1. Can you tell me which condition Ala250 does not meet? The list is (1) surrounded by 23 or more Cβ atoms within 10 Å (Cβ to Cβ); (2) assigned to a helix (DSSP H, G or I); (3) more than 18 Å from the chain's Cα centre (by Cα), and all the others hold.
2. Mind listing just one residue for me: the one in segment 204-223 that is touching a Leu at 6+ places or on another chain (Cβ under 6 Å) and either closer than 17 Å to Met84 by Cα or not in a loop (DSSP other than H, G, I, E, B) (or both) and, of those, modelled with the lowest pLDDT?
3. For Val81, indicate whether it is touching a residue at least 60 places away in the same chain (Cβ under 8 Å) and buried (at least 17 other Cβ atoms within 10 Å of the Cβ).
4. Only one of Val132, Val125 is in contact with a helix residue (DSSP H, G or I) (Cβ under 7 Å, 6 or more places away or on another chain) and either at pLDDT below 95 or of a type in the set (D, E, K, R) (or both); which?
5. Taking into account only those residues within segment 10-29 that are among the charged types (D, E, K, R) and at pLDDT 85 or above, which is surrounded by the fewest Cβ atoms within 10 Å (Cβ to Cβ)?
6. Spot the failing condition for Leu172; the list is (1) in contact with a helix residue (DSSP H, G or I) (Cβ under 6 Å, 6 or more places away or on another chain); (2) within 15 Å of Gly126 (Cα to Cα); (3) surrounded by fewer than 23 Cβ atoms within 10 Å (Cβ to Cβ); (4) not small (Gly, Ala, Ser), and only one is missed.
7. Quick one: in segment 263-272, which of the residues that are crowded, with 22+ Cβ neighbours inside 10 Å and under 16 Å from Asn209 (Cα atoms) is farthest from the chain's Cα centre (by Cα)?
8. Regarding segment 411-430, can at least one residue be identified that is modelled with pLDDT of 85 or more and of a type in the set (A, V, I, L, M, F, W, C)?
Amino acid sequence: MDLGEGLRKAIAKLTGATIIDAKTIKEFNKELQKALLSADVEVALVFALTKKIEEKALREKLPPGVSPKDYITNLVYEELVNLMGKSYAADVKPKRILLVGIYGAGKTTTAAKLAKFYQDRGLSVGLICCDVARPAAYEQLETLAKQANVGFFGMKGERDVAKIIQEGSKALKDRKILICDSSGRSALDKELINELKIINNAFKPDEKNLVINADIGQVAEKQAKEFNQAIGLTAVIVTKLDGSGKGGGALSAVNAANVNISFITAGEKLNAIELYDSKKFVGRLLGMPDLESLLANVQEAIKEANIKPEEVSIEELDFDSFYTQLKAMSKMGPLKNMMGMLGINDMPKEALQQSEEKLKKFKDIIGSMTKEERKDPQLVKASTRVARIAKGSGTTEKDVRELLNDFNKMKKMMSQFQNNRQLKKHLSKFMPGLK
């Protein structure tokens, strides 16, 4: 059970209680402690947090018009936000960024994600490979740089990191942002500290980010303190939050080390990186919708899929426009993250997996249709066409009929949407094709 699931279950029990008194609060706190401890949040932090909640819930007067349940839920939200640290706002300006960390943290992938983040905001970016220890680090970063369409510099086989920095700075002098990917080790030993100090002196970074895998939980505090002592960190980037049950432990541990969290990542795609916002993060854990992030992801996905905003129209839904929407959805990363932004967090894993497989299958089916069939969905109802499309897409006739059924449901929903002027007005800011 991950942290979000545990928190939501604890709050569900609280909101289901008939009376909220001292006994109810204590029982709720036990559930809360269980959820936090299972997510590897440090014991002292857990008990300090639940003590604050108990004291405030029992001693403070309720604000007028607020129910005890809502008040306590809000208390939990506020205390968790404090536990998870401050939100971060990136300076979108020319700078040099150094990434450090141990093996397995995801530094190289994070370097490319960070490069894309700043390039999407109008700054040219160059990546410098100073990982001289890991085999294939040069090739990996070079490949990722091409995918992100950013500059790259490395000197294959060269061990002198100061020389690499010097030559890389010359080669990428026209780039507004330089990101240096450094070597890792299995631990922060003397050799790594010396190497990082050489890079730090040669590169003179404006920002020094420690990259930490969320799976390490509260060990993140020790890493943050050690790296901070070695080179003086400006922030920490926490990776792989999509599959970690210890994400809350890592985030709270970094906060306990008095180092800011700058970015978090979830997923393999290069756009799977976001500025750390503790309020949004805790909100998602508690099942609160984050429509702002969802709409931002939609815009990014449309751009990634090379779709013109005016093409995302629901005025005339046919298989062409339906395919365009499926293509954009496939660029938005794991379906689990999308559901989380909508406040839907407890979908069974099997259902999520089946939904992702269905999206891929539907794209294949539409890809096997003729231009006439995509423009006129009524044509696909013929059994001979269903059989031909199924064969051409490597699916079954049942799959094709399932697509037809889901398409008709979507068309009906879109028709109802046309009558909702207020919602259309709001979404038209993000989808210029709406009228």
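1. (3)
2. Step one: of segment 204-223, the residues touching a Leu at 6+ places or on another chain (Cβ under 6 Å) are 205, 208-211, 214.
Those still in the list that are either closer than 17 Å to Met84 by Cα or not in a loop (DSSP other than H, G, I, E, B) (or both) too: 208-211, 214.
Numbers: Lys208: 96, Asn209: 95, Leu210: 95, Val211: 96, Ala214: 90.
The residue in question is Ala214.
3. Working: touching a residue at least 60 places away in the same chain (Cβ under 8 Å): yes; buried (at least 17 other Cβ atoms within 10 Å of the Cβ): yes.
So Val81 passes the test.
4. Numbers: Val125 fails: either at pLDDT below 95 or of a type in the set (D, E, K, R) (or both).
After applying the criteria, what remains is Val132.
5. Initial filter on segment 10-29 (among the charged types (D, E, K, R)): 13, 21, 23, 26-27.
Adding the requirement that they be at pLDDT 85 or above leaves 23, 26-27.
Numbers: Lys23: 10, Lys26: 12, Glu27: 14.
Taking the candidates together, the pick is Lys23.
6. That leaves (1) as the condition not met.
7. By that ranking, first place goes to Ile264.
8. At the first step, the residues of segment 411-430 found to be modelled with pLDDT of 85 or more are none.
The answer is no; no qualifying residue exists.
The values are calculated or read from the model by the stated rules, or taken from the named source; none is laboratory data. Predicted model only: the values in this text are computed from it and were never measured. Ideal geometry is used to build each Cβ from the backbone, glycine not excepted, and the neighbour counts take in all protein chains shown.
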